[in-house]
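Student: Take this structure, written in structure tokens, and hold onto it; I'll ask about it next.
The values are calculated or read from the model by the stated rules, or taken from the named source; none is laboratory data. As the structure is a computational prediction, the values presented were derived from the model and not from experiment. Note that we place each Cβ from the backbone using ideal geometry, even for glycine, and neighbour counts take in every protein chain shown. With ligands, DNA and RNA removed, areas are computed over all heavy atoms of the protein, side chains included. Shrake-Rupley method; radii C 1.70, N 1.55, O 1.52, S 1.80 Å.
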Amino acid sequence: MKLVGIDVGKNSHHFCVMDKETGELNLTPSSFPNNKEGFDFLINSLKPYSKKSILIGMEDTGHYHVALLKFLLNNGYTVALINPKTTDLTRKMEGGITKNDKLDTITICDVLDTPERKKQYRITKVDRFDLYEQRQLTRHHHNLKEELNIYCNRLQKSIDLVFPEFNTLFGSKYGIVYMNLLKT
């Protein structure tokens, strides 16, 4: 089995390929841009190996990994997402103090090499990715509602200071007439 460690970045990613049985690097760490051409470069670099014999690992950081993750899943690769704290702890346990993109690819391969019963990653499937997008939309909706609540509270404070009786003139707050009167 071949382990592919990908260190995700905003503009570029780094990857290496390690043989699980020997621990040798088949491909030394190298970088590719975070775009279609870069993704194609990665796929071409992995062509000598069977898709079934490859386990790709990357950190689940922010949103920079999403485009690459979608691309790899659509091309039939097995992808494992790793908590960034796990790779950080693994690097520290191995005595590594220095953190850089090329060394992190090897650390990610080391995390993928953990025994099955101590697995420190989760395999991502295409159908689970839809759930991920729904979760992101739900969080965004929740954040927008909280932000709206903050602005409504600020508006209400200003109304209470300037015209305390204003709300008693209306059956409900923030209707069309209510807001038009405030604007004028």
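Student: How many residues, within the stretch 141-184, are of a type in the set (Val, Ile, Thr) and not in a helix (DSSP H, G or I)?
Tutor: The qualifying residues number 1.
Student: Could you grab the pairs with beta carbons closer than 9 Å, sequence gap of 6+ or different chains, first residue in the stretch 155-169 and among the aromatic types (Phe, Trp, Tyr), second one open to solvent by less than 100 Å² (accessible area, probe 1.4 Å)?
Tutor: PHE166/ILE159; PHE166/ASP160; PHE166/TYR178; PHE166/LEU181; PHE166/LEU182
Student: Just need a number here: residues in the stretch 67-79 that are within 14 Å of LYS2 (Cβ to Cβ) and modelled with pLDDT under 90.
Tutor: Final tally of qualifying residues: 0.
Student: Pull out all pairs, ordered by first then second residue, where Cβ-Cβ is under 6 Å, the residues are six or more apart or on different chains, the first lies in the stretch 47-66 and is in contact (Cβ under 8 Å) with a residue 40 or more places away in the chain and within 16 Å of ILE6 (Cα to Cα), and the second is part of a loop (DSSP other than H, G, I, E, B) and of a type in the set (D, E, K, R).
Tutor: Every condition considered, the pairs that remain are TYR64/LYS10.
Student: A follow-up question, please. If I filter the stretch 91-123 down to residues being at pLDDT 80 or above and among the hydroxyl-bearing types (Ser, Thr, Tyr), which single residue comes out as nearest to the chain's Cα centre (by Cα)?
Tutor: TYR121
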